[in-house]
Amino acid sequence: MPFGIAVLAVGMFWASASTSLLMLTFAMLLASIGSGVIDVLVNARVSEIEEAEGVKLMNLNHALYAFAYGGGALLTAALRSAEVPPVPIFAGLLIVLLALAWWSYDIPPRIDGENDPQAEGLSAKLVIITGLIVLMAFLAEASTEGWSALHIERTLQGSAGQGALGPAVLGLMMGVGRMAGHWLSQRVRDTSLMLSATILSAIGIALAGAAQSVQMALIGFAIGGLGISVVAPLALSLIGRLVPASQRLAAISRASVIGYGAFFFGPPLMGLISEGFGLRTSFIAVAFLLAITAVALIPALARRAH
């Protein structure tokens with residue numbers, strides 16, 4: 001964990017000081033490697049704590065991330081408005097992250113027996129199904145975050161300020177949804193909550209795609225964010241409880257790698273569909289994929305979980 005945070009810190013500072021596109025590319029690659037390491041290890045550690053303490057914490061963990069993301073976006077907007085140059089900002093961030101790296105030193109995750117063939121065979125299908133569910137959740141999240149502003153401004157002729165509300169509403173509702181999910185996950189079966197949330201998100205994103213006004217699109221994005229917010233945390237939490245302790249880190253990391261595919265092919269998929277058929281169709285296509293997830297993938301996970 002300290003290594004991952006340090007790599008992220010150096011990569012982000014290097015990006016701020018880059019003087020060429022090539023340098024920026026390598027800096028962001030370094031930062032992304034650190035971020036990926038941190039993401040997997042945090043989820044694995046939370047899963048270990050859930051098992052040890054007998055409580056569900058993954059949605060709370062991801063809710064704090066969502067609120068930190070929103071707060072960071074607001075702080076960035078304020079600093080940009082004040083025309084503060086990026087290098088001193090990222091120098092301060094470098095110091096904060098290195099302090100967090102030192103503070104984050106902890107016991108290593110349990111990985112004894114990770115290469116046990118029998119355990120690997122038992123968890124392979126579970127990992128793939130969970131990873132695909134996480135992928136669909138990330139796809140819905142990324143498509144709304146990256147394209148909602150364009151949809152509002154270009155399709156619905158909204159102002160730039162109204163366009164900025166799309167991602168802002170998404171971030172806020174995802175934080176609220178994960179806090180609610182933290183409470184609900186103590187009372188509702190995980191797969192049942194995932195199924196309801198996925199259907200709710202599909203309805204919201206489809207509503208945003210078909211909206212005829214900015215207000216209706218924002219309502220749709222809010223509903224979509226509220227629903228999809230709990231799906232990935234619940235899926236990662238569930239697989240962490242279902243596999244043997246020695247397999248937890250491997251299972252969560254592999255499911256996460258599948259899920260990260262959404263950030264690789266999601267933007268070009270949205271771009272290709274919108275170029276050929278418009279942004280409305282792009283969002284409706286995402287809603288359709290969420291519906292398939294609710295009908296096929298989540299029931300398959302439920303059968304293996306219960």
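The values are calculated or read from the model by the stated rules, or taken from the named source; none is laboratory data. All values reported here derive from a predicted model rather than from experimental measurement. Heads up, the Cβs are rebuilt from the backbone with ideal geometry, glycines too, and the neighbour counts pull from every protein chain shown. Note: accessible area is taken over every heavy atom of the protein model, side chains too, but ligands, DNA and RNA are not part of it. Shrake-Rupley method; radii C 1.70, N 1.55, O 1.52, S 1.80 Å.
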Cα-based Rg and Dmax for region 251-304, in Å, come out at 13.7, 40
The value for the chain (convex hull of the alpha-carbon atoms, volume per residue, Å³) is 139 Å³
Out of ALA44, VAL87, GLY71 - ranked by how far each Cα lies towards the positive end of the dipole of region 16-99, with unit charges on the beta-carbon of charged residues - the top one is VAL87
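If TRP14, TRP103, TRP183 are ordered by their accessible area, calculated over protein heavy atoms with a 1.4 Å probe, which sequence runs from highest to lowest?
Details: TRP14 95, TRP103 200, TRP183 140 Å².
So, going from the largest accessible area down, we get TRP103, TRP183, TRP14.
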The size of the Cβ-based charge dipole (Lys, Arg +1; Asp, Glu -1) of the chain about the Cα centre, to the nearest 20 debye, is 540 debye
Accessible-area order for LYS56, LYS125, largest to smallest, probe 1.4 angstrom, reads LYS125, LYS56
Here the tail fraction of P(r) beyond 26 Å, over all Cα-Cα pairs of region 191-306, rounds in percent to 26 percent
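Explain nothing, just the number: relative contact order of the chain, from Cα pairs under 8 Å at least 6 residues apart, as a whole percent.
Values: 448 pairs, mean separation 78.0, N = 306.
Once divided by the residue count of the chain, the mean separation gives 25 percent.
What are the equivalent ellipsoid semi-axes of region 1-115, built from the alpha-carbon gyration tensor (square roots of five times its eigenvalues), in whole angstrom, biggest first? The partial results should precede the final answer.
Working: eigenvalues 180, 66, 27 Å².
Value: 30, 18, 12 Å, ordered largest first.
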By accessible area (1.4 Å), largest first, ASP106, ASP39, ASP190 order as ASP106, ASP39, ASP190
